[in-house]
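J.: Let me give you the structure first, and then I'll get to my questions.
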Amino acid sequence: MESSELARFEAVVLPHLDAAYTLARYLTRNEHDAEDVVQDACLRALKYFEGFRGEEGTSARAWLLAIVRNTAFSSRRRRRPDEGMLEFDEAQHSGAVADAHPEAALLRRAAKESLGRALDRLAPEFREVIVLRELEGLSYKEISDVAGVPVGTVMSRLSRARTRLQQALREEGEG
Amino acid sequence: MTHPSFEAQLDAYLDDELAPADARELEAHLAQCQECARFRNERLELRAAIRAQVPTLEAPAALRERVRAAVGAARGVARAPRRFAVRGVWRPLAVAASLVVVALGSWRLALQRTAGETLAEDILTSHIRSLMPGHLTDVLSSDQHTVKPWFNGRLDYSPPVYDFSGRGYPLLGGRLDYVDGRSVAALVYGRRQHLINVFLWPVARRPAATPASRTHQGYHLLHWATADYTYWVVSDLGLPELGDFAGLLAQADSAAGAPK
């Protein structure tokens, strides 16, 4: 690759490294694996990059996130072939926070852990749509490209994922 | 009454992913279906909770370096010379760009920086606090005739309450808040997935002040005063739409005639 092409790669792809890392972190659920996934994904991205010209409708961001997503999913299968979908476990979240009152900071920290944990407990297919939509701000069409499923599936998955997270919030509010 | 596919429709509406005609239809339905309105409010709370509790992350600097090194090595190219160090160029650019945005958002503020500054911070803090789970509303209702009387006996004034669901800004409820050393009414409105807090309290009679806007931490604040009330409106909604909303409020206020 010409060094100018390399420079183009860096200019087009590296600005989305934070987004890539965020997605990888929530998909792998730990920082170390996330870093490996992002690095692998960037190498793959480089391999396909000459074919990527930012054609109409494909943002570099969604393009990179799709690669990160696929890398994370295949490394998960490789590392933990037996791991099925982790189901959201309601019992883990009850009684975390009792009343909404003075110890705001403490409460907030508890709540933070709790919603983050609830997200971690979602099946990866649910987790990814939440992260892609709520954190990365992708459109349904972009999410459908990244996750490789029809827009209708994105829509129903997102809705079901939100309902599950809401259950977690509710548990927390009731204490 | 809601079932999964309808919920997904509602979600798509809140995500601004429905075709305009479908969105209008759904809006009309929301205005009269209690259950769907409740569903919407819960989704807005969830959205706010995710925003507050599940952060976007920054790639560690070491990872950035590793990626650059790996990219260079994989292509058999020596590490790109420093002048290609995009990171070094993009960062300050990004910072500069965001500074421009902040500067644009707050230029009015600079012109009239006063004690109002602390008040604006108060308002913003209240707004953010209201986004925490369970803090949004004390009275949850999209009916202005439920919300308004709720304030009776809780405040020494009776705030005007309007519903703009026909215009896409449904009333979600109200709560008691504490701002500027006094208890005030906070009214909560929605706009798709965005929440709008309206704070208002009576002022000593004086000439109405024209609206001023400022932007803090990605939230926009609008402030104006009528002959009777001082208004603060805060949201993460884009400034043009927030301006529209403020216009509706002001219009409804003047249509209602100056309250005693």
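J.: How many residues, within region B:48-62, are modelled with pLDDT under 90, at the interface with chain A (Cβ under 7 Å from one of its Cβ atoms) and open to solvent by 40 Å² or more (accessible area, probe 1.4 Å)?
T.: So the answer is 0.
J.: Within region A:19-37, can you find the residues that are facing another protein chain (nearest Cβ under 8 Å) and of a type in the set (S, T, N, Q)?
T.: Listed by number, the list holds a single entry, A:Thr22.
J.: So which of B:Glu65, B:Glu35, B:Glu27 is closer than 29 Å to B:Arg129 by Cα, surrounded by fewer than 19 Cβ atoms within 10 Å (Cβ to Cβ), without any contact (Cβ under 8 Å) to a residue 60 or more places away in the chain and more than 10 Å from every other protein chain (Cβ to nearest Cβ)? Full working, then the answer.
T.: Values: B:Glu65 fails: closer than 29 Å to B:Arg129 by Cα; B:Glu27 fails: without any contact (Cβ under 8 Å) to a residue 60 or more places away in the chain.
Answer to the check: B:Glu35.
J.: Out of all the residues in region B:209-218, is one or more within 28 Å of B:Val54 (Cβ to Cβ), assigned to a loop (DSSP other than H, G, I, E, B), of a type outside the set (D, E, K, R) and open to solvent by 20 Å² or more (accessible area, probe 1.4 Å)?
T.: Applying the first criterion (within 28 Å of B:Val54 (Cβ to Cβ)) to region B:209-218 yields B:214-218.
Right, trim to assigned to a loop (DSSP other than H, G, I, E, B) and you get B:217-218.
Those still in the list that are of a type outside the set (D, E, K, R) too: B:217-218.
Filter again for open to solvent by 20 Å² or more (accessible area, probe 1.4 Å), leaving B:217-218.
The answer is yes; a qualifying residue exists.
J.: Given the conditions (1) crowded, with 16+ Cβ neighbours inside 10 Å; (2) touching a Phe, Trp or Tyr at 6+ places or on another chain (Cβ under 9 Å), report the number of the one that B:Ala256 does not fulfil.
T.: Looking at each condition in turn, B:Ala256 falls short on (1).
J.: Please name all residue pairs, on different chains or six or more residues apart, with Cβ atoms under 6 Å, provided the first residue is in region A:126-141 and is facing chain B (nearest Cβ under 7 Å) and the second residue is open to solvent by 20 Å² or more (accessible area, probe 1.4 Å) and of a type outside the set (Val, Ile, Thr).
T.: Listed by first residue and then by second, the contacts come to A:Tyr140/B:Glu17.
J.: Here's something else I'd like to know. In the list A:Leu158, A:Leu169, A:Leu165, which residue meets the criterion of being modelled with pLDDT of 95 or more, part of a helix (DSSP H, G or I), within 9 Å of another protein chain (Cβ to nearest Cβ) and open to solvent by less than 30 Å² (accessible area, probe 1.4 Å)? Reasoning before the result, please.
T.: Details: A:Leu169 fails: modelled with pLDDT of 95 or more; A:Leu165 fails: modelled with pLDDT of 95 or more.
Testing whether each residue is modelled with pLDDT of 95 or more, part of a helix (DSSP H, G or I), within 9 Å of another protein chain (Cβ to nearest Cβ) and open to solvent by less than 30 Å² (accessible area, probe 1.4 Å) leaves just A:Leu158.
J.: Identify all residues within region B:160-179 that are of a type in the set (Phe, Trp, Tyr) and over 15 Å from the mean Cα position of the chain (by Cα); write none if there are none. Quick ask: steps written out before the conclusion?
T.: Residues of region B:160-179 of a type in the set (Phe, Trp, Tyr): B:162, B:164, B:169, B:178.
Within region B:160-179, B:Tyr162, B:Phe164, B:Tyr178 meet the criteria.
J.: Ok, one more. Is it the case that region B:17-24 has a residue that's in a helix (DSSP H, G or I) and surrounded by 15 or more Cβ atoms within 10 Å (Cβ to Cβ)?
T.: Taking every residue of region B:17-24 in turn, at least one turns out to be in a helix (DSSP H, G or I) and surrounded by 15 or more Cβ atoms within 10 Å (Cβ to Cβ).
J.: Going through B:Tyr178, B:Tyr231, B:Tyr162 one at a time, which residue ends up being aromatic (Phe, Trp, Tyr), part of a loop (DSSP other than H, G, I, E, B) and at pLDDT 85 or above?
T.: Numbers: B:Tyr178 fails: part of a loop (DSSP other than H, G, I, E, B); B:Tyr231 fails: part of a loop (DSSP other than H, G, I, E, B).
Sole residue among the options that is aromatic (Phe, Trp, Tyr), part of a loop (DSSP other than H, G, I, E, B) and at pLDDT 85 or above: B:Tyr162.
J.: Continuing with the same structure: All but one of (1) open to solvent by 30 Å² or more (accessible area, probe 1.4 Å); (2) under 21 Å from B:His135 (Cβ atoms) hold for B:Gly174; which doesn't?
T.: The failed condition is (1).
J.: So A:Lys47 fits all but one of (1) more than 9 Å from chain B (Cβ to nearest Cβ); (2) out of contact with any Lys or Arg (no Cβ under 9 Å at 6 or more places or on another chain); what number is the exception?
T.: It is condition (1) that A:Lys47 fails.
J.: Is at least one residue of region B:187-207 open to solvent by less than 10 Å² (accessible area, probe 1.4 Å) and in a loop (DSSP other than H, G, I, E, B)?
T.: Among the residues of region B:187-207, not one is open to solvent by less than 10 Å² (accessible area, probe 1.4 Å) and in a loop (DSSP other than H, G, I, E, B), which makes the answer no.
The values are calculated or read from the model by the stated rules, or taken from the named source; none is laboratory data. Bear in mind that the values here come from a model prediction, so they are computed numbers and not experimental data. In this analysis, Cβ positions are derived from the backbone assuming ideal geometry, glycine residues included, and neighbour counts consider all displayed protein chains. Protein only, heavy atoms only, side chains kept; ligands, DNA and RNA dropped before computing areas. Shrake-Rupley method; radii C 1.70, N 1.55, O 1.52, S 1.80 Å.
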